Amino acid sequence: VGNGGDINIKTETLLLKDGSALLADLEHQGDAGDIKIEARDAVILEGIGPGAQSGSLQRGFIIPSQISARVDPILVEIDTGGKGGDISISSRSLSVTNNGFISVSTFSKGDAGSIDITTDDLSLTNGAQIGAGTFGRGNGGNLTIHARESIKITGRSETSRSGIFAPTIEGSGDG
């Protein structure tokens, strides 16, 4: 029992590739951590890679590159209602592709966190997503994007479409 830790990164360029991740997710009791990224030039999420589940690699289990501070009590028998973390990204360029995602969604009675992005150019391609929705009884988070130059959303993958989402899918929470 306890809260997730925070992740704070200051760099020129941050590259998450081939299924790599920054995670401050909540899977047990407590609240998820926050993620703050300040990259002078670029933040890039691209590619997919093999995933691990319950400590063992499973053939065919693929995960995309991701930044996540979600509430997901799937591994817990009871829904403790922890709050999702917040994600803040500041960079000249933010590019997410090939099913990569940034998420503060909730799958529980706890509320999702918020996403705040400040960039010159935002690009979401080939199934990439940014989401702050609710899939349970908690409320969805706020999603704020300050793009000084452009926002480009194109394409889809075999499993998802590119986009920015703040949905209420099931349960009784507000999106």
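At 1.4 Å probe size, with the rest of the protein present, what percent of the exposed accessible area of the range 91-175 is carbon and sulfur atoms?
That fraction is 41 percent.
What is the sum of charges, Lys and Arg at +1 and Asp and Glu at -1, for the other residues whose Cβ falls under 15 Å from the Cβ of Ser150?
0
With θ taken as phi - 60° and the coefficients 6.51, -1.76 and 1.60, list the Karplus ³J(HN,Hα) couplings across the range 140-148 in order, rounded to whole Hz; mark glycine and proline as x.
Each residue of the range 140-148 in turn: x, x, 8, 10, 10, 10, 10, 10, 6 Hz.
Between rounded, prolate and oblate, where does the range 92-133 land on the alpha carbon gyration tensor, with a ≥ b ≥ c its root eigenvalues, rounded for a/c under 1.5, else prolate if a/b exceeds b/c?
oblate
Can you list residues from other chains, or at least 5 along the same chain, whose modelled amide H is less than 5 Å from the amide H of Gly82?
For Gly82, the qualifying residues are Gly30, Gly110.
So if the hydrodynamic radius of the range 79-148 is defined as the Kirkwood radius over C-alpha pairs, what does Stokes-Einstein give as its diffusion coefficient at 10 °C and 1.306 mPa s, in µm² per second?
127
Describe numerically, in nm with one decimal, the distance between label points set 7 Å from Cα along Cα→Cβ at Thr144 and at Leu23.
About 2.9 nm, to one decimal.
Taking every DSSP beta bridge with both residues inside the range 64-171, roughly what % is antiparallel (nearest 5)?
Percent antiparallel among DSSP bridges in the range 64-171 is about 5.
Å³ per residue of the Cα convex hull, for the range 122-173?
In the range 122-173, the Cα hull volume divided by residue count equals 55 Å³.
The values are calculated or read from the model by the stated rules, or taken from the named source; none is laboratory data. Computed from a predicted model, the values in this text were never measured in an experiment. Ideal geometry is used to build each Cβ from the backbone, glycine not excepted, and the neighbour counts take in all protein chains shown. The protein model used for the area step is the full one, side chains on, heavy atoms only, and it has no ligands, DNA or RNA in it. Shrake-Rupley method; radii C 1.70, N 1.55, O 1.52, S 1.80 Å.
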